[in-house]
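**Student:** What follows is a structure written as structure tokens; I'll ask about it next.
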Amino acid sequence: MMGLHQPQDSLFNYRVNLDQRIRADHPLRRVAQVLDFTFVRAEVAGFYGKNGNEGVDPVILAKLMFLLFFDDVPSERELMARLPERLDYLWFLGYSLDDLTPHHSVLSKARRRWGPAVFENIFVRTVQQCVEAGLVDGKKIHVDASLIEANASKDSVVKSGPELIAAYKRAVAAQATKLDDTATPESYVAVNDTHVSTTDPDAALVSRKGRGSRLCYHHHRAVDDAQGVITAVQTTPGSIAENHQLFDLVEQHQANTEQTLDTVVGDGKYGTADNLAGCVERGIAPHLGVLADQQKSGAGHYDDTHFTYDATTDTYMCPAGQKLAPRRYHERRGTHEYAAGAGVCAACALREKCTDAQSGRTLQRRPDADAVSLGQQMARQAAARRDRRRRWHLMEGSFAQAANEHGFKRSRWRRLWRQQIQDWLIAAVQNVKLLVRAGATKLSGAAAALAVRVIRLGMRAGVIGASPAPDLQTSPTHSV
């Protein structure tokens, strides 16, 4: 049965008034002025029965999990140990000095019972609050991703059959991990197709230069250009590349802010042909680093921009004045291949500047090549370069705050849906800090009604029923 805590003064501790003992500018007092947690009761009412023992008030549970990341407390056990000693915590939760504090296990039970939706809603409410406070412009966002070390040892990784692991990944809605613009052989088998962690099967092995491979999750986020408000968050296994999540973040940003996006800013990892064309088709300016600029045909060789396309004849003209005609269609790549006639490249005086291939130079053209070309032109403009320089400071600052102050770089718990909860809570904490700095007030009724909508757009992979795993917490202590 869901409990309802009624804060009231103790009959005998009449000399102790916690409200008078918490200074006016205390961070938690300002948080309480900004964010109202009482909506949680309505959100989770369906998870509680009408009879039986009365549980802890869901508002208190939500506040406790917020405190866990707000002050980067190392573990839930440590949080409960500190609770009786911290008058500010007791005041924030609505407890008096004589109230019994709950056992740490109620937090893991609440997460398992509620699922991720409640925590996403907390994050969305902070975004809506930032919109109402004028901290979000909504027209331009910066996107980036960061690896999160999973709460599992590499020793837990075992090798298994690709069929078994592929079936498991389909069950958890795993996505493709290969970059769209690479020429990965079809026979290539990724390590995560044959290996899985018995401790956290949702985490993926990721190899980092000079550091070997480790189990990771990938945190993807969008930050608004105006004040650095985090407007969209996506969590995936570590093997999922950044470029695959761009439009999920775009859609989430627009849904959370109710604003129409004009510009998206990202580094070269996002500047794939699919993303450039997709932005152009959506009417969004892609201020992305162009991945093709980092994948030249070879040292000293002509790149694709040296070849002129003629739409009327569907041919390319090379620097030597020879025509390259369509030769075949690549099903996997989704491109048409263009090549010169037999022997043309072999007899060309510019061959050494063009290609080392014995069969001669070939070009690949996508059906949406015009949109890709337009996107590349926009991405190479001076305004796009300025935005990417600003993005570096804005995104690095956002990730640095999360890592240094809120335990961002390592998973506290196991399984993808729990990592999603961690990412939403950390993002919510960072947004609340911006609200506090701006002196905002609580969410208005209209904005609150808008924010309470749960799990829009059918996103959130990994929220399916996952088997419970032990909740282990490991994070460095940091005082805020």
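A short reminder: the numbers here are calculations on the coordinates, not readings from a lab. These numbers were taken from a predicted model, which means no experiment stands behind them. All Cβ positions, even for glycine, are placed from backbone atoms using ideal geometry, and neighbour counts span all protein chains on display.
**Student:** Return the inverse of the average 1/r over all pairs of distinct C-alpha atoms in segment 18-114, which is the Kirkwood hydrodynamic radius, in Å to one decimal.
**Tutor:** The answer is 14.3 Å.
**Student:** Which aspartates and glutamates, on any chain, are close to residue 154 with Cα under 19 Å apart, when same-chain ones fewer than 8 places away are left out?
**Tutor:** Partners within reach: 193, 200, 202, 471.
**Student:** To continue, here is another question. Segment 13-67 to segment 223-293: how many Å between their Cα centroids?
**Tutor:** 36
**Student:** Which peptide among 30-41, 259-270, 59-70 comes first, and what is the full order, when sorted by highest mean count of other Cβ atoms within 10 Å?
**Tutor:** In descending order of packing, they fall as 59-70, 259-270, 30-41.
**Student:** Separate question: Please find the FRET efficiency linking residue 281 to residue 308, where r is the Cβ-Cβ separation and R0 is fixed at 22 Å, and quote it to the nearest 0.05.
**Tutor:** Rounded to the nearest 0.05, the efficiency is 0.35.
**Student:** Residue separation times 0.36 nm, minus the C-alpha to C-alpha distance between residue 401 and residue 158: what's the value?
**Tutor:** Computed gain between residue 401 and residue 158 is 84.0 nm.
**Student:** Then there is this: Longer than 28 Å from Cα to Cα, which of 50/433; 269/323; 409/433 are they? Say none if no pair is.
**Tutor:** Table pairs above 28 Å Cα-Cα are 50/433; 269/323.
**Student:** Same structure again: Please compute the length gained on full extension between residue 33 and residue 370, using 0.36 nm multiplied by the number of residues separating them and subtracting their Cα-Cα distance.
**Tutor:** Taking 0.36 nm per residue and subtracting the Cα distance, the gain is 116.2 nm.
**Student:** So between residue 260 and residue 147, what do we pick up on full extension, going 0.36 nm a residue minus the alpha carbon distance?
**Tutor:** 37.8 nm
**Student:** Using Cα pairs closer than 8 Å and at least 6 residues apart in sequence, work out the relative contact order for segment 18-114, in percent.
**Tutor:** Value for segment 18-114: 35 percent.
**Student:** If packing is taken as the average number of other Cβ atoms within 10 Å across a peptide's residues, how do 274-282, 196-204, 326-334 rank, most packed first?
**Tutor:** Result, highest mean Cβ count within 10 Å first: 196-204, 274-282, 326-334.
**Student:** Over segment 214-331, what relative contact order in percent results from Cα pairs under 8 Å that are six or more residues apart?
**Tutor:** Computed over segment 214-331, the figure is 14 percent.
**Student:** Another question about this same structure. At R0 = 56 Å, how high is the FRET efficiency between residue 352 and residue 226 if r is their beta carbon distance? Nearest 0.05 is fine.
**Tutor:** Efficiency, from the Cβ-Cβ distance: 0.65.
**Student:** Sticking with this one: Could you tell me the relative contact order of segment 294-373? Use alpha-carbon pairs under 8 Å, at least six residues apart, and round to a whole percent.
**Tutor:** 25
**Student:** Using 13 Å as the cut-off for backbone N distance, which residues of segment 29-57 belong to the label zone defined by a point 7 Å from the Cα of residue 4 along Cα→Cβ?
**Tutor:** Output list for this probe position: 41-42, 45, 57.
**Student:** Still on this structure, please answer the following. Alpha carbon centre of segment 124-140 versus segment 357-425: separation in Å?
**Tutor:** What the calculation gives is 21 Å, centre to centre.
**Student:** Go ahead and run the numbers for FRET between residue 20 and residue 198, Cβ-Cβ distance against an R0 of 45 Å, rounding to 0.05.
**Tutor:** Given R0 = 45 Å and the Cβ-Cβ separation, E is 0.25.
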